[in-house]
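Chemist: Supplied in structure tokens, the structure appears directly below.
FYI, it's all coordinate maths here, none of it is from the lab. This one's a predicted model, so the numbers in the text were calculated from it and none came from an experiment. When we count neighbours, we look across all protein chains shown, and the Cβ atoms used for this are built from the backbone with ideal geometry, even at glycine.
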Amino acid sequence: MLRNPATLYTALYVGQFLFLGVQLPFFPGWLEAQGITAGMIGLVMGGSLILRLVLGPLVAWWAESQPDQRKALMVVAGVMAASSILLMIPQPVWSICMLTILAIWAFGCLVPLSDTAVMRADKAGQVNYGQSRGAGSLAFIVANLAGGVLIARHGDSVSIIWMAVAASLTLLIVAFLPKRIAIAEPDVAPSTLARPDFSEAMRLFRSRSFILMLIAVGLTQGTHAAYYYFSELHWSALGYRSDLIGILWTLGVLAEIIVLYKGRSFIRKLGPVAMISIGAFGAIIRWPLTGLSPPLPMLILLQLLHALTFAMTYLGSVEFIARAVPSGLSNTSMTIVSTLGVGALTGLAAIFVGIVFNAEAPLPAYLLMGAMGAVGFISSLLLSRRWDGGLINTARR
């Protein structure tokens, strides 16, 4: 069973999302306990995302040329595991920051590399991509709940131990993966994701519709920076225990999963631009109200808006690319949205949030997120007026 590709690829996602399910909500609390300020946390998290922007495409390019798909996965998973394990050792603040940047950067590179491998196996009929990725989402929820309970009982140090174990498990799973998955169909390329072609990428920027989509999606997804990196500090200051914080995160993920599962029906009824607009409008509502530190029942309702701010926006961007971008540029456009749009803007937002964030008075940070959502919403409205629903024109601006 351990050699079964479907089991191995599912386990690969499970290991990664067990890591993420504790890293996102609880790791900032451990960093604060080490004497790292909110401003420094913002710089560290933002720095890891910007490093992903700079080096991510190069890692993907190198990975595509390797005859053994495990090589790139092993290197990146090894960096994630080694940096997480080293964080368990007492050390100066500067080295904690450097190791954190490496760990978060490695995770950010590992997920798309895993997607490439699993989609290739899916094409070969050896695994169901959706089911494997869904198992990862369930692992995220398990980590939220179990990690929250353990941290509430034993302290913030549990988070880094959990992350080190999950990263090591992921590295071990990579070692058992098949060297390469051969696509059965003769007309399908050896990889389902082509290397980014940066000369082609420039053609995309000739389209105002693509630029408006990039701004709308990037800003809306970037509004999650305060939530991803500072919500534990905010909610802990309100007296919420780690187990309750884990439940709050779980509610958001469950709402996200429901929308993703029903995605086809939403796309048929609304279309991609309307979905992006709904996501941006959700950010305008969600984040300023969250910054007001509302009562718990209201906060629960606000967490359910993750279905809009993340899931609707994500599905809208994917569907826009499917409908508007010429097929030869679809992989390149996804790379741009992931790195330049979402990754870079989230990283920059994390840096600015860290400057203004105060756990006792977090409203300014969340107002910044709401303002980003407002600009994203305006961009989506301009996109709806400009895009006619067909292929974008990359020949001229």
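Chemist: For Met74, Met45, Met202, which order do you get if you count the other beta carbons within 10 Å of each Cβ and list the fewest first?
Modeler: Met202, Met74, Met45
Chemist: With no solvent and one point per C-alpha, what does the Debye sum give as log10 I(q)/I(0) for region 349-397 at q = 0.17 Å⁻¹?
Modeler: Evaluating at q = 0.17 Å⁻¹ gives log10 I(q)/I(0) of -0.64.
Chemist: Whole percent per 10 Å bin, from 0 to the bin with the longest distance: what is P(r) over all C-alpha pairs of region 81-139?
Modeler: Histogram of Cα-Cα distances, whole percents per bin: 21, 34, 24, 16, 4.
Chemist: Report P(r) for region 1-88: all Cα-Cα distances, bin width 10 Å, range 0 to the bin holding the largest distance, values in whole percent.
Modeler: Spelled out per bin, shortest first, that is 13, 37, 34, 14, 2.
Chemist: Determine the dipole magnitude for region 1-179: charges of +1 sit on the beta-carbon of Lys and Arg, -1 on that of Asp and Glu, nothing else is charged, the reference point is the Cα centre, and the result goes in debye to the nearest 20.
Modeler: Rounded to the nearest 20 debye, it is 380 debye.
Chemist: Compute the distance from the alpha-carbon center of region 148-168 to that of region 236-251, in whole Å.
Modeler: Spelled out, the Cα-based centre of one part sits 15 Å from the other.
Chemist: Just how far, in whole angstrom, is region 287-308 from region 74-147 if you go by their alpha carbon centroids?
Modeler: Taking the Cα centre of region 287-308 as reference, the centre of region 74-147 is 28 Å away.
Chemist: Here is a follow-up. Tell me the Kirkwood radius of the chain: reciprocal of the mean inverse pair distance over distinct alpha-carbon atoms, in Å.
Modeler: Kirkwood hydrodynamic radius for the chain: 21.3 Å.
Chemist: Please arrange Lys269, Lys71 by how many other C-beta atoms lie within 10 Å of their C-beta, fewest to most.
Modeler: Ranking Lys269, Lys71 by Cβ neighbours within 10 Å, fewest first, gives Lys269, Lys71.
Chemist: Continuing with this model, one more query. Could you state the principal axis extents of the C-alpha atoms in region 194-397, from the largest down, to the nearest angstrom?
Modeler: Here the Cα extents, ordered largest to smallest, are 55, 36, 31 Å.
Chemist: Let me ask something additional. Can you sort Cys109, Cys97 from fewest to most other Cβ atoms within 10 Å of each residue's own Cβ?
Modeler: Cys97, Cys109
Chemist: Between Ile378 and Leu145, what is the label-point separation in nm under the 7 Å Cα-to-beta-carbon projection?
Modeler: Simple spin-label model gives 4.3 nm for this pair.
Chemist: Order of 282-290, 138-146 by packing, highest average Cβ count within 10 Å first?
Modeler: Put in order of decreasing packing, that is 282-290, 138-146.
Chemist: Based on Cα positions only, what radius of gyration and what Dmax would you give for region 1-179, in angstroms?
Modeler: 16.2, 50
Chemist: In nanometres, what is the gap between the two model label sites at Ala361 and Met74, each 7 Å from Cα along Cα-to-Cβ?
Modeler: Those two pseudo-labels are separated by 5.4 nm.
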